[in-house]
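Undergrad: Okay, handing you the structure first.
The values are calculated or read from the model by the stated rules, or taken from the named source; none is laboratory data. Predicted, not measured: the structure shown is a model, and the values here were computed from it. Heads up, the Cβs are rebuilt from the backbone with ideal geometry, glycines too, and the neighbour counts pull from every protein chain shown.
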Amino acid sequence: MNVVLAKNETGRALSDSFAVARDRLPGGGKVAEARNTAFEAYERVGLPHRRLEEWKYTDLRALMREVPPLAAAPDAAALKQAAAAVKLQAIKGARRLVLVDGVFAPKLSELEGLEKGVTVRTLRDVLETGDAALQTQLFTPDNANPMVALNSAMMTDGVVIEIANGVVLKQPLQVIHAASGATPAAIYTRSLLRLGKDTGATLVESYIAAEGAKAYQSHDSLVVAIGDNSRLDHVRLVEDGRDAFNISSAVITLGAHAHFNTFGMTSGAAVSRYQATITFAGEGSRVETNGVNLLNGRQHADTTLFMDHAVPHCASREVFRAVVDDRGHSVFQGRIIVRPDAQKTDAKMMTRALLLSDDAEADNKPELEIFADDVTCGHGATTGALDESLLFYLRARGLSEKEAQALLIQAFVGEAIESIVNDDLRELAIAAAQRWLEARA
Amino acid sequence: MPLLEVRDLKVRVEDNEILHGLTLTVNPGEVHAIMGPNGSGKSTLSHVIAGKPGYEVTDGQILFRGEDLLEMDPDERAAKGVFLAFQYPVEIPGVATMNFLRTALNAQRKARGESEYSTPDFLKKVREVAKSLNIPQDMLKRGVNVGFSGGEKKRNEILQMALFEPAVCILDEMDSGLDIDALRIAADGVNALRSPDRAMVVITHYQRLLNYIVPDFVHVMSKGRVVKSGGKDLALELEASGYTQFEDAA
């Protein structure tokens, strides 16, 4: 069966694309070997389809159909196009790392004032000249997920950030993925963030497109290791072009007494999938994950979270809000596993969907697998429309239908956005939500 | 010209006709009380004037300064100067009261082609009104009506009335759920807004409220019609004899 799937037209086109691209991909020896292994793993399945349980709601074979060739390195025109889009997202004071069409763009980046004890390198550099341990860590995402395998095979560039023990960053690290969208192309990036012990950092990732971008595909992957007694705040905003695909994954591991606070919002892209695996590897750690989907037209956005409580005394909270208009389709899959040793686990998941039209769809799939007996776990889900009595009250006070809806939508997603600790980042998320609301008005 | 004219209004909800030809004329400066037993159609009248969905007007007219109110969306009516103080103000979690007030006020001003309030002017105005209504500042930071007591919710309605400065105020059962002290504060707030340019329609089941907000006219509604109109003494008469006589009459 695998052979048959690999031989379909899509698979063949991509095989050719990999063969052509191979020479442009950084890293020889072990890296090249790992790429080949990953590509073979991808080819065994090809683009995931609805008969695979994890992809039941997001049938990439139907939605994507094909993977275009690897994007060319950005030329001066592409960089200029991207620069304008980057400007809108840039946070004052942040250390900014910009990737244009999947290639690090030093001229658009800003690393001045970076604290001592922080090293920033490009993925290309690390794959070409980095030490074996770091290269191995970059290949930790599991090839069992075909889209992760494809990313492992094709990753072109990204950023690799290491924070030494005891270093607390005062300013956020901002990674901006900008697509010039000059031609329909595929972009493959991977980044790594390694926090030592007793550290603190804030990472914000934005996915954006230059104005008038074509139907590009952005394939990204993030590897994060959070050391003992460390805290990472993470914000992820997907504002890709309306014809774009964003297929991303993240693998996050927490040491002991660590804290990971993450917020993700998808308001852009035609089709997006974010698959995150969070593993508690040390006791006494905590994770808060908050997510928002704002969808209209025919947008499809899938958030798939896997919370792995592998050790005792850890807590996780998942709050997810979806606002779906027109024929939009929101998917949330939340899997929590509490392994036999993970006593005193405290895990909760709550999802709410707001459907603004009769054709809007929100699918919610919670999965709790609990193998320990002394734990607190729970999940809840609701789906509904805007409350007519609230709408009338607002309209009776002078708000138009759209204004009244906008205010109630802001309130609905507000709870999740409020989880962002950093004021600048919260403003950035509010502005992104505002752009979505204004575009539908 | 009258501010508000309801002419032979017939309204149904699904298959039931609730108002069977109601007529009411309200001039600037007047305070009208509409009294009547439960189910007489008092609240339906207030909802139809404000434009609440779910009511079908089968006949008659509502004119506001001569314009056809029934052709307007609820927000257009608000901007023109029609205000309904809700019997049961809704709670809106996540929408801070201050943000709501500013959004609503500016939406109305924009619709009228007026400039938006500057932040300092707006804050000054809200604080003044809030103080006169005994509304603490921290209430304005909370979600609209979230965790408010019955009295606080009604005071929040009057706060909005004072801010928006409407031409016609419809007060729907303002006294329901209020104790005597809360009622007095609310009534004082309403009385402060009485003016020669503004009219009020006070809907109530009980005469008690009319001790505080003294009307110029009292109308008795029964079974979807006004069955008797008179001066403020009519309310006292009703208090003594009850509504039964009118139910027979209607």
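Undergrad: Got a sec? Which of B:V90, B:V95, B:V129 is of a type outside the set (K, R) and either touching a Lys or Arg at 6+ places or on another chain (Cβ under 7 Å) or assigned to a loop (DSSP other than H, G, I, E, B) (or both)? First the steps, then the outcome.
TA: Numbers: B:V95 fails: either touching a Lys or Arg at 6+ places or on another chain (Cβ under 7 Å) or assigned to a loop (DSSP other than H, G, I, E, B) (or both); B:V129 fails: either touching a Lys or Arg at 6+ places or on another chain (Cβ under 7 Å) or assigned to a loop (DSSP other than H, G, I, E, B) (or both).
Answer to the check: B:V90.
Undergrad: If you don't mind, another one. So A:G414 passes all but one of these: (1) exposed (fewer than 13 other Cβ atoms within 10 Å of the Cβ); (2) free of Cβ contacts under 8 Å to residues at least 24 places away in the same chain. Which condition number does it fail?
TA: (1)
Undergrad: Would you check which residues across segment B:77-87 are within 9 Å of another protein chain (Cβ to nearest Cβ) and either modelled with pLDDT under 95 or not in a strand (DSSP E or B) (or both) and list them? If you could, list the steps in order and put the result at the bottom.
TA: In the first step, residues of segment B:77-87 are kept if they are within 9 Å of another protein chain (Cβ to nearest Cβ); the result is B:77-79, B:82-84, B:86.
Hits for segment B:77-87 are B:R77, B:A78, B:A79, B:F86.
Undergrad: Out of B:R102, B:R112, I need the residue that is loosely packed, with under 15 Cβ neighbours inside 10 Å, within 14 Å of chain A (Cβ to nearest Cβ) and over 20 Å from the mean Cα position of the chain (by Cα). Which one?
TA: Values: B:R102 fails: loosely packed, with under 15 Cβ neighbours inside 10 Å.
Of B:R102, B:R112, the one residue that is loosely packed, with under 15 Cβ neighbours inside 10 Å, within 14 Å of chain A (Cβ to nearest Cβ) and over 20 Å from the mean Cα position of the chain (by Cα) is B:R112.
Undergrad: Another one. I'd like the full set of residues that are of a type in the set (A, V, I, L, M, F, W, C), more than 23 Å from B:M98 (Cβ to Cβ) and not in a strand (DSSP E or B), limited to segment B:164-173. Give the steps one after another, and end with the answer.
TA: Initial filter on segment B:164-173 (of a type in the set (A, V, I, L, M, F, W, C)): B:164, B:167-171.
Checking the rest, the ones that are also more than 23 Å from B:M98 (Cβ to Cβ) come to B:167-168, B:170-171.
Listed by number, the list holds a single entry, B:A167.
Undergrad: Quick check on this structure: which one of A:H219, A:H257 is at pLDDT 95 or above and closer than 25 Å to A:A153 by Cβ?
TA: Only one candidate qualifies: A:H219.
Undergrad: Restricting attention to segment B:163-171, does a residue exist that is touching a His at 6+ places or on another chain (Cβ under 7 Å), more than 12 Å from chain A (Cβ to nearest Cβ) and surrounded by 15 or more Cβ atoms within 10 Å (Cβ to Cβ)? If you could, list the steps in order and put the result at the bottom.
TA: To start, the set of residues in segment B:163-171 that are touching a His at 6+ places or on another chain (Cβ under 7 Å) comprises none.
No, because not a single residue in segment B:163-171 is touching a His at 6+ places or on another chain (Cβ under 7 Å), more than 12 Å from chain A (Cβ to nearest Cβ) and surrounded by 15 or more Cβ atoms within 10 Å (Cβ to Cβ).
Undergrad: Are any residues in segment A:35-71 in contact with a strand residue (DSSP E or B) (Cβ under 6 Å, 6 or more places away or on another chain) and assigned to a helix (DSSP H, G or I), and if so, which ones?
TA: A:L63
Undergrad: Is segment B:194-211 home to any residue that is in contact (Cβ under 8 Å) with a residue 60 or more places away in the chain and among the acidic types (D, E)?
TA: Looking for residues that are in contact (Cβ under 8 Å) with a residue 60 or more places away in the chain and among the acidic types (D, E), one finds at least one in segment B:194-211, hence yes.
Undergrad: Among the listed residues B:R102, B:R65, which satisfies the condition of being among the charged types (D, E, K, R) and touching a Phe, Trp or Tyr at 6+ places or on another chain (Cβ under 7 Å)? Don't jump to the end; show me each part of the working.
TA: On the way: B:R65 fails: touching a Phe, Trp or Tyr at 6+ places or on another chain (Cβ under 7 Å).
Just one listed residue meets the conditions, B:R102.
Undergrad: Sticking with this structure for a sec: Please give the number of the condition B:M221 fails out of (1) within 14 Å of another protein chain (Cβ to nearest Cβ); (2) in contact with a Gly (Cβ under 7 Å, 6 or more places away or on another chain); (3) surrounded by 21 or more Cβ atoms within 10 Å (Cβ to Cβ).
TA: Failed condition: (1).
Undergrad: In segment B:60-76, which residue that is of a type outside the set (D, E) and outside any helix (DSSP H, G or I) is nearest to the other protein chains (Cβ to nearest Cβ)? Please lay out each step first, then the result.
TA: First, pick out the residues of segment B:60-76 that are of a type outside the set (D, E): B:60-66, B:69-70, B:72, B:74.
Those still in the list that are outside any helix (DSSP H, G or I) too: B:60-66, B:72.
On the way: B:G60: 21, B:Q61: 20, B:I62: 15, B:L63: 19, B:F64: 14, B:R65: 17, B:G66: 21, B:M72: 11 Å.
Across segment B:60-76, the extreme among qualifying residues is B:M72.
Undergrad: Check A:K402, A:K344, A:K348 and return the single one that is modelled with pLDDT under 95, of a type outside the set (A, V, I, L, M, F, W, C) and over 23 Å from A:S249 (Cβ atoms). Walk me through how you get there before you give the answer.
TA: Working: A:K344 fails: modelled with pLDDT under 95; A:K348 fails: modelled with pLDDT under 95.
Going through A:K402, A:K344, A:K348 in turn, the sole match is A:K402.
Undergrad: Right, something else. Please tell me if A:V323 is surrounded by 23 or more Cβ atoms within 10 Å (Cβ to Cβ) and within 14 Å of chain B (Cβ to nearest Cβ). Give the steps one after another, and end with the answer.
TA: On the way: surrounded by 23 or more Cβ atoms within 10 Å (Cβ to Cβ): yes; within 14 Å of chain B (Cβ to nearest Cβ): yes.
Answer is yes for this residue.
Undergrad: Would you kindly identify the strands (runs of 3 or more DSSP E) lying entirely within segment A:322-441 that contain at least 3 residues that are of a type outside the set (D, E, K, R) and closer than 19 Å to A:N296 by Cα? Give the derivation first.
TA: On the way: elements: A:329-338, A:346-355, A:361-370, A:376-384.
Strands (runs of 3 or more DSSP E) meeting the threshold: A:329-338, A:346-355.
Undergrad: Shifting gears a bit: Out of curiosity, is B:F86 in contact (Cβ under 8 Å) with a residue 24 or more places away in the chain and under 17 Å from the mean Cα position of the chain (by Cα)? I'd like the intermediate steps shown before the answer.
TA: On the way: in contact (Cβ under 8 Å) with a residue 24 or more places away in the chain: yes; under 17 Å from the mean Cα position of the chain (by Cα): yes.
It is true that B:F86 is in contact (Cβ under 8 Å) with a residue 24 or more places away in the chain and under 17 Å from the mean Cα position of the chain (by Cα).
Undergrad: Quick check on my filter: what residues within segment A:388-397 are touching a helix residue (DSSP H, G or I) at 6+ places or on another chain (Cβ under 8 Å) and facing chain B (nearest Cβ under 7 Å)? Quick ask: steps written out before the conclusion?
TA: As a first pass, look at segment A:388-397 and keep what is touching a helix residue (DSSP H, G or I) at 6+ places or on another chain (Cβ under 8 Å): A:390-392, A:394-397.
A:L390, A:F392, A:R395, A:A396, A:R397 - these are the residues of segment A:388-397 that are touching a helix residue (DSSP H, G or I) at 6+ places or on another chain (Cβ under 8 Å) and facing chain B (nearest Cβ under 7 Å).
Undergrad: Please indicate, with yes or no, whether at least one residue in segment B:10-20 is crowded, with 23+ Cβ neighbours inside 10 Å, away from chain A (no Cβ under 14 Å), within 17 Å of B:K223 (Cα to Cα) and not aliphatic (A, V, I, L, M).
TA: No, there is no match, as no residue in segment B:10-20 is crowded, with 23+ Cβ neighbours inside 10 Å, away from chain A (no Cβ under 14 Å), within 17 Å of B:K223 (Cα to Cα) and not aliphatic (A, V, I, L, M).
Undergrad: Could you look through segment A:398-411, keep only residues that are more than 7 Å from every other protein chain (Cβ to nearest Cβ) and touching a strand residue (DSSP E or B) at 6+ places or on another chain (Cβ under 8 Å), and pick out the one that is farthest from A:K92 (Cα to Cα)? Before you say what the answer is, go through the steps one by one.
TA: First, pick out the residues of segment A:398-411 that are more than 7 Å from every other protein chain (Cβ to nearest Cβ): A:401-402, A:404-406, A:408-410.
Then drop every residue that is not touching a strand residue (DSSP E or B) at 6+ places or on another chain (Cβ under 8 Å), which leaves A:408-410.
On the way: A:L408: 30, A:I409: 28, A:Q410: 25 Å.
Looking at the filtered set, the residue picked out is A:L408.
Undergrad: Let me ask another. Which of the residues spanning segment A:299-313 are over 22 Å from A:G241 (Cβ atoms), hydrophobic (A, V, I, L, M, F, W, C) and assigned to a strand (DSSP E or B)? So that I can check it myself, show each step before the final result.
TA: Taking segment A:299-313 and keeping what is over 22 Å from A:G241 (Cβ atoms), we get A:304-313.
Subsequent filtering for residues that are hydrophobic (A, V, I, L, M, F, W, C) retains A:305-307, A:310-311.
Listed by number, the residues that qualify are A:L305, A:F306, A:M307.
Undergrad: Would you point out which residue out of A:L222, A:L294, A:L232, A:L192 is touching a residue at least 60 places away in the same chain (Cβ under 8 Å) and under 26 Å from A:S109 (Cα atoms)? Walk me through it before giving the result.
TA: Values: A:L222 fails: touching a residue at least 60 places away in the same chain (Cβ under 8 Å); A:L294 fails: under 26 Å from A:S109 (Cα atoms); A:L232 fails: touching a residue at least 60 places away in the same chain (Cβ under 8 Å).
Result: A:L192 is the single residue among A:L222, A:L294, A:L232, A:L192 that is touching a residue at least 60 places away in the same chain (Cβ under 8 Å) and under 26 Å from A:S109 (Cα atoms).
Undergrad: Looking only at segment B:22-33, which residues are surrounded by 23 or more Cβ atoms within 10 Å (Cβ to Cβ), in contact with a Leu (Cβ under 7 Å, 6 or more places away or on another chain) and either polar (S, T, N, Q) or under 18 Å from B:Y212 (Cα atoms) (or both)? Outline the logic, then answer.
TA: Pass one, segment B:22-33, residues surrounded by 23 or more Cβ atoms within 10 Å (Cβ to Cβ): B:22, B:31, B:33.
Going one step further and asking which of them are in contact with a Leu (Cβ under 7 Å, 6 or more places away or on another chain), we end up with B:22, B:33.
If the condition is that a residue be surrounded by 23 or more Cβ atoms within 10 Å (Cβ to Cβ), in contact with a Leu (Cβ under 7 Å, 6 or more places away or on another chain) and either polar (S, T, N, Q) or under 18 Å from B:Y212 (Cα atoms) (or both), then B:A33 is the only one that fits.
Undergrad: Now a separate question. Quick check, is B:P37 at pLDDT 95 or above and part of a loop (DSSP other than H, G, I, E, B)? Show your work before the answer.
TA: Values: at pLDDT 95 or above: no; part of a loop (DSSP other than H, G, I, E, B): yes.
So B:P37 does not fit the description; no.
Undergrad: Exactly one condition in (1) in a helix (DSSP H, G or I); (2) facing chain A (nearest Cβ under 10 Å); (3) at pLDDT below 95 is false for B:S43; which is it?
TA: Every listed condition holds for B:S43 apart from (2).
Undergrad: Here's a follow-up. Yes or no: A:A385 within 14 Å of chain B (Cβ to nearest Cβ) and out of contact with any helix residue (DSSP H, G or I) (no Cβ under 9 Å at 6 or more places or on another chain)? So that I can check it myself, show each step before the final result.
TA: Values: within 14 Å of chain B (Cβ to nearest Cβ): yes; out of contact with any helix residue (DSSP H, G or I) (no Cβ under 9 Å at 6 or more places or on another chain): yes.
In short, yes.
Undergrad: Within segment A:378-396, track down each residue that is in contact with a strand residue (DSSP E or B) (Cβ under 7 Å, 6 or more places away or on another chain) and free of Cβ contacts under 8 Å to residues at least 40 places away in the same chain. Outline the logic, then answer.
TA: Residues of segment A:378-396 that are in contact with a strand residue (DSSP E or B) (Cβ under 7 Å, 6 or more places away or on another chain), as a first pass: A:378-386, A:390, A:396.
Once the filter is applied, which keeps residues that are in contact with a strand residue (DSSP E or B) (Cβ under 7 Å, 6 or more places away or on another chain) and free of Cβ contacts under 8 Å to residues at least 40 places away in the same chain, segment A:378-396 yields A:G378, A:G380, A:A381, A:T382, A:T383, A:G384, A:A385, A:L386, A:L390, A:A396.
Undergrad: Quick check on this structure: which one of A:D423, A:D363, A:D374 is free of Cβ contacts under 8 Å to residues at least 12 places away in the same chain and away from chain B (no Cβ under 14 Å)? Can you show your working first?
TA: Working: A:D363 fails: free of Cβ contacts under 8 Å to residues at least 12 places away in the same chain; A:D374 fails: free of Cβ contacts under 8 Å to residues at least 12 places away in the same chain.
Matching residue, one of A:D423, A:D363, A:D374: A:D423.
Listed here are the residues, each with its yes/no results for (1) acidic (D, E); (2) farther than 21 Å from B:H205 by Cβ.
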residue	(1), (2)
B:P2	no, yes
B:G29	no, yes
B:H47	no, no
B:L63	no, yes
B:E71	yes, yes
B:G81	no, yes
